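Report on the following structure.
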Amino acid sequence: MLNARHPDLLADFAATGRNHPYLALTLNSLCNLDCVFCKPRCMPDYGHKDRPLASADYAAIAAEAGAWKIKKAHCSGGEPTLRADILAVVEGLADGLGPGAAIGMTSHGNLRRGLSIEQFQRAGLTYLNISLHSLDPARSAAIMGGGDPREARATIDSALALGLRVKINCVLQRSYLQDAFAVAELARDLPLAVRLIELQNIGPAQALFDTEFISEAEVRERLQQWFTGAGEVSRTQLGVRSPGRYLQPDGWEGSIGFISNSSCATCSDANRIKITPTGVARPCILHNRDIPLKPRLVDGTLPDAFAHLFQSMLERDSNDAWQGFHYVDYDLRWDRMDRPEGAPVLPLLPLLDTGAAEPSCTRRPAGES
């Protein structure tokens, strides 16, 4: 049944054949680690001086999203498990989106004392993404500024034992390439998806990019022995909608995929409704107007905000501002970037004629996760 307030928008979006949007919620900017390509504590706005959304706000946003047939919400940060109310946030999202919803979270897997994967499952979590860049404790600490990969591995094992879908996010760096391959090899014996992620030339990673960047194409060539004769695993089967192909080497329990936003743009197929910690919704982090959701939670105009979000995503295919790159998460973590706010009628900004040509890609991705 179409949303009674805006039936045409849902019908138009369905007609595109693209993946239905989902909620991508950055819950905080805080992290107790300090990855070399992220370094959140270097940001002047680290810690947020504004009040982030409360668990009740997330429940209300999820309830409205459910009216738009959205059935997935993903939580990230920062480190989302540092929120004292994280279990209430997950429960509110699950209740708001309703039965059958996919509720996920990205974490470094070193859970704070008092938290367990069992608690998250009871709250409604259905899948877990773990950031893991080396299995060696010392080398992992050098990359992540602390933490213990053995604790992350225990979190992975607990999640799998409980039947949660598990993905591992591993950022590729030339100096730690063998570490990434060792992480990827966890999929040999475990039913999980390892995503090898290209370094992006943004933020703190800019200082590393020239020496540490390694492309998907080069990594594929080095792993040719694994991928020869490998079968492809569908995103539906994995419960993901991220860019790229997921390949399952012969005899392996799990799969390996790539997130390659530096070498292959994904803008036209993006399907995330991004929401910052203080409740700013971003239909496109490069161009379209932002929508502060807090006032709309108060005055009951969330339906209008979601109408704008869907319209913005429908028109993203003609967005000339992306210039060949889709900067995935960087400016979601901090709210004080100079960006336009949505007007009451929620118009889009006029498009800029950049003259940029679309780079060649070996494949056009079907969405994001």
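Points to keep in mind about this one:
- Thr211 passes every criterion in (1) among the β-branched types (Val, Ile, Thr); (2) under 18 Å from the mean Cα position of the chain (by Cα); (3) not in a strand (DSSP E or B) apart from (2).
- The residue that is nearest to Leu97 (Cα to Cα), counting only those in the stretch 1-49 that are touching a Gly at 6+ places or on another chain (Cβ under 9 Å) and modelled with pLDDT under 80, is Asn19.
- Among (1) in a loop (DSSP other than H, G, I, E, B); (2) farther than 20 Å from Leu23 by Cβ; (3) over 21 Å from the mean Cα position of the chain (by Cα), the one test that Arg150 misses: (1)
- First in the stretch 54-83 and among the aromatic types (Phe, Trp, Tyr), second anywhere and part of a loop (DSSP other than H, G, I, E, B), Cβ under 7 Å, 6 or more apart: Trp68/Asn3
- Taken together, Glu253, Glu218 contain a single residue that is under 30 Å from Arg122 (Cβ atoms), out of contact with any Phe, Trp or Tyr (no Cβ under 7 Å at 6 or more places or on another chain), open to solvent by 20 Å² or more (accessible area, probe 1.4 Å) and not β-branched (Val, Ile, Thr), which is Glu253.
- Some residue of the stretch 174-193 being open to solvent by less than 60 Å² (accessible area, probe 1.4 Å), closer than 13 Å to Cys35 by Cα and touching a residue at least 24 places away in the same chain (Cβ under 8 Å): no
- Remark: Leu53 falls outside the filter, which requires a residue to be surrounded by 19 or more Cβ atoms within 10 Å (Cβ to Cβ), in contact with a Cys (Cβ under 8 Å, 6 or more places away or on another chain) and at pLDDT 90 or above.
- Residue in the stretch 95-110 that is crowded, with 19+ Cβ neighbours inside 10 Å, at pLDDT 95 or above and charged (D, E, K, R) present: no
- Residue count for the stretch 256-297 satisfying the condition of being open to solvent by 10 Å² or more (accessible area, probe 1.4 Å), within 17 Å of the chain's Cα centre (by Cα), over 30 Å from Thr228 (Cα atoms) and modelled with pLDDT of 85 or more: 1.
- Residue selected from the stretch 222-245 under the condition among the β-branched types (Val, Ile, Thr) and at pLDDT 65 or above, by the criterion surrounded by the most Cβ atoms within 10 Å (Cβ to Cβ): Val233
- The stretch 194-208, subset in contact (Cβ under 8 Å) with a residue 60 or more places away in the chain and in a helix (DSSP H, G or I), residue least open to solvent (accessible area, probe 1.4 Å): Ala205
- Of all residues in the stretch 57-77, those that are open to solvent by 30 Å² or more (accessible area, probe 1.4 Å) and within 17 Å of the chain's Cα centre (by Cα) total 1.
The values are calculated or read from the model by the stated rules, or taken from the named source; none is laboratory data. All values derive from a computational prediction rather than experimental measurement. Reconstructed Cβ throughout: ideal geometry from the backbone, glycine too, with neighbour counts over all protein chains shown. All accessible areas refer to the heavy atoms of the entire protein, side chains included, with ligands and DNA or RNA removed. Shrake-Rupley method; radii C 1.70, N 1.55, O 1.52, S 1.80 Å.
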